[in-house]
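Have a look at the structure below before the remarks.
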Amino acid sequence: MVIELGSHGGLLKDVYFIHLIERWKKDVNVAYHHTMRLTLYTDYALRTLLYLGIHADRRVSIREIALAYGISENHLVKVIHNLGRGGFVATHRGRGGGLTLARAPEHINVGDVVRHTEEDMALVGCMAPPEPGSQTPPGGCILANACHLRGVLGEALGAFMSVLDSRTLADLLKPYERRVLTQASPLPA
């Protein structure tokens, strides 16, 4: 199984994600290469949940999360709205409002979050669902209906998702993550 660490800028988050990838490699005994990538949208969603999990004792603002990670507040608004619709984040309006996890960290499955935030899990074009009424094979490939590559890639994706399905947000909230995200908070501790 392969996953790529995106270069989104910011030393703190790069160090943090390198740490997560290294721990993940050790847990599942896999090689790390630069080929498979989750979207930046999913990256932001997972980081938001981690931040809320670390700061579960209080309500957190979108601005605070954006400042802690050095990411766009406008983009984060869309991500959080989607996480709210998915039942991962609760939004509280008015004075003293903010964000909290909608469920306990041990009830937020990482695989569920990835499925909710990724628009398309197709690794190649032929894995995408065919267009309604289209006579063209999925992805435009003439081998689509009899290709063994699609099965192998489907199996690889299944293994990748199996690892994510075996983890909850609570599994990711370890002392190192707590220390780094507490230090990254723009609010005084």
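If each residue's Cβ is checked for other Cβ atoms within 10 Å, how do 112, 171, 43, 120 rank with the fewest at the top?
120, 171, 112, 43
Output the peptides 162-169, 173-180 sorted from most to least packed, where packing is the average of other Cβ atoms within 10 Å over each peptide's residues.
Ranked from most to least packed, the peptides come out as 162-169, 173-180.
What distance in nm separates the simple spin-label points at residue 56 and residue 174, each placed 7 Å from Cα in the Cβ direction?
The modelled label-to-label distance comes out at 1.8 nm.
In what sequence do 62, 108, 142, 71 fall when counting other Cβ within 10 Å, fewest first?
Fewest-to-most Cβ neighbours within 10 Å comes out as 142, 62, 71, 108.
Read-outs throughout are calculated quantities, based only on the coordinates presented, and are distinct from any laboratory measurement. Being a predicted model, the structure only gives us computed values, none of them experimental. Backbone-built Cβ (ideal geometry, glycine too); neighbour counts: all protein chains shown.
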